[in-house]
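Just passing along the structure, written as structure tokens.
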Amino acid sequence: MTRAGNDEPRFPVELQVIAAGLRAIAEEMGAVLIRSAFSANIKERRDCSTALFDEEGRMVTQAEHIPVHLGAMPEAVAAVRAQEPALGEPWIVNDPYTGGTHLPDLTVVTRHELGYAVSRAHHADVGGSEPGSLPARSRRLEEEGVVIPPTRLDENALASLVSRMRNPEERYGDLRAQLAAHHLAGRRLDELCARRSRARVSAAMDELLAYSERVVRAAIRELPDGRFSAEDVLEAPDGELPIRATVTIDGDAIEIDFTGTAPQHDGNLNCPLAVTRSACFYVVRCLTAPDLPASGGAFAPVTVRAPEGCLVNARPPAAVAAGNTETSSRIVDVVFRALGRALPVPAQGQGTMNNVVLGNERFTYYETIGGGQGACPDADGPSGVHVAMSNTLTTPIEALELAYPLRVERYALRLGSGGSGLHRGGDGVVRELRVLERCRLSLLTQRRAQAPRGEAGGNDGLPGRNLLNGRELPAFTTVDLEPGDVLRIETPGGGGYGAPTSR
């Protein structure tokens, strides 16, 4: 680190102290949000992320929460920065084509003297045609809920927004929890600046971004140069949709190009480019510097290209409900598989978040369900975990049954669903829910026809299954349920790695 002026931190000790302070603020924001939230989706599943950005809109640090939020947050900050917000003024956005991901992810951005505090939380409902705001058959964005362009979040705006959503008291409570996290960030940043000076903290932010970029570029230089391609498919209600990625490694930079991917779809598997970037950044981080704290500098060496109007760079008013969860998962699979032509990579994990939504006008229950992770060159894959772009917890049975008219009949590993190999893929899970009152069910899932692939001679994992009262349901469906109906989700197992042996 240079020492051009007295206001710069003394490297490395003071820089590490300030960096730890900034990371602690982001983590504490997340703790406040989780503990203050009303809904089980945030309070129990922790489907949220918090981060700090500098004055130029670059992400300095993010709490280790949800990978799919990682690369998409800068788009939201850029959209709010364009509105020239006042200091201390919270703004809200969820429009996928103006900085959001999918509509249930409500992002709050507040400007402070050093930049911006940001929180993103998946709300259990934001209006739309179906409870949970994740309709399986949506075709246009407005069917999926309230679309919020960058909007100043004063009390009038807050009241107006929640009045257009189901369970408005819960929505209000969760948004107030996000605002509480932002108030905390402002106080902690003031305290950090009082101890270290504003100029030193600002200089440390610059150096943290530069350091992250240097580390990742150095790691990319260790990878073999070349051009590597792969393709996989999404299971749409009316057929398969190919996603093709070509990864070019050239010195200390990586370009990922999605030319050849299917055009945007007349359904909701479409993906805004911000989500596509998130998935690509996640893969690069896994293969270069997985232990490096998340920051915008780590992704400076990565360029993502996708033809406008294709499945992974959709244009409005295309629906996107499943793009953020299912398409992002497949992008990870495809980019890993392309890089597998150059270096050892894990076998495919379950490749889906197994979205389950149950609700009516009185309640809305949403969760993603874990499955099998793919085996690695040197280890078996873990079982029953959230894979790749999801990092949420499973709703505890006690909390679920206390909060909703649902009963958990079974929750167990789906033994034998992981692919065999020198190293076995992780097993999926079986989750059975009995509904106790009339409601609607929406499922947005993948890997029901196409199995997660093994790697280097390992066998594929088993595909997932959706069943209602023992009857098979498609990967995407919205249906009415009656009291006593039992939903059974069998999640996919991960692929095995290496040719099986007698062990």
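The values are calculated or read from the model by the stated rules, or taken from the named source; none is laboratory data. None of the values given here were measured: they were computed from a predicted structure. Glycine also receives a Cβ, built like all others from the backbone with ideal geometry; neighbour counts cover every protein chain displayed.
Read through the list (1) surrounded by fewer than 18 Cβ atoms within 10 Å (Cβ to Cβ); (2) at pLDDT below 95; (3) within 19 Å of A306 (Cβ to Cβ), then give the number of the only condition that A274 fails.
All conditions pass for A274, except number (1).
Would you pick out the residues in region 316-345 that are part of a loop (DSSP other than H, G, I, E, B), closer than 16 Å to E231 by Cα and of a type outside the set (K, R)?
Across region 316-345, the qualifying residues are G340, A342, V345.
Related question: Look through V345, V408, V387, V356 and report the one residue that is crowded, with 24+ Cβ neighbours inside 10 Å and either at pLDDT 95 or above or under 30 Å from E222 (Cα atoms) (or both).
V387
Let me confirm something: among P263, P317, which residue is over 21 Å from M353 (Cβ atoms), touching a Leu at 6+ places or on another chain (Cβ under 6 Å) and surrounded by fewer than 15 Cβ atoms within 10 Å (Cβ to Cβ)?
When all the criteria are applied, what remains is P317.
A follow-up question, please. If I ask for residues that are in contact with a strand residue (DSSP E or B) (Cβ under 9 Å, 6 or more places away or on another chain) and part of a loop (DSSP other than H, G, I, E, B), which ones from region 140-169 would you list? Please lay out each step first, then the result.
Within region 140-169, the subset in contact with a strand residue (DSSP E or B) (Cβ under 9 Å, 6 or more places away or on another chain) is 140-141, 148-154, 157-158, 161, 166-167.
Correct list: I148, P149, P150, L153, D154, R166, N167.
Results for (1) under 30 Å from E398 (Cβ atoms); (2) assigned to a loop (DSSP other than H, G, I, E, B); (3) touching a strand residue (DSSP E or B) at 6+ places or on another chain (Cβ under 8 Å); (4) touching a residue at least 12 places away in the same chain (Cβ under 8 Å), shown as yes or no for each residue.
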residue	(1), (2), (3), (4)
E14	no, no, no, yes
A20	no, no, no, no
V32	yes, no, no, yes
T61	no, no, yes, yes
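If I filter region 430-461 down to residues being surrounded by 24 or more Cβ atoms within 10 Å (Cβ to Cβ) and among the small types (G, A, S), which single residue comes out as farthest from the chain's Cα centre (by Cα)?
Looking at the filtered set, the residue picked out is G458.
Can we say P85 is at pLDDT 95 or above, outside the structural domain of F363 (by TED's automatic domain parsing), in contact with a Phe, Trp or Tyr (Cβ under 6 Å, 6 or more places away or on another chain) and not in a strand (DSSP E or B)?
yes
Going through region 204-236 one residue at a time, which ones are hydrophobic (A, V, I, L, M, F, W, C) and either assigned to a helix (DSSP H, G or I) or without any contact (Cβ under 8 Å) to a residue 24 or more places away in the chain (or both)?
Result: A204, M205, L208, L209, A210, V215, V216, A218, A219, I220.
Based on this model, can you work out whether E361 counts as over 15 Å from L234 (Cα atoms), surrounded by 23 or more Cβ atoms within 10 Å (Cβ to Cβ), at pLDDT below 95 and of a type in the set (D, E, K, R)?
Values: over 15 Å from L234 (Cα atoms): yes; surrounded by 23 or more Cβ atoms within 10 Å (Cβ to Cβ): no; at pLDDT below 95: yes; of a type in the set (D, E, K, R): yes.
In short, no.
Considering only residues of region 285-308 that are farther than 22 Å from M205 by Cα and at pLDDT 95 or above, which is nearest to the chain's Cα centre (by Cα)?
Across region 285-308, the extreme among qualifying residues is V304.
Just one of the numbered conditions (1) within 18 Å of the chain's Cα centre (by Cα); (2) closer than 27 Å to A40 by Cβ is not true of V77; which one?
(2)
Closer than 16 Å to S138 by Cα, in contact with a Lys or Arg (Cβ under 9 Å, 6 or more places away or on another chain) and not assigned by TED's automatic domain parsing to the domain that holds A20, is that true of A300?
no
Looking at E472, E490, can you tell me which residue is among the acidic types (D, E) and under 23 Å from the mean Cα position of the chain (by Cα)?
Testing whether each residue is among the acidic types (D, E) and under 23 Å from the mean Cα position of the chain (by Cα) leaves just E490.
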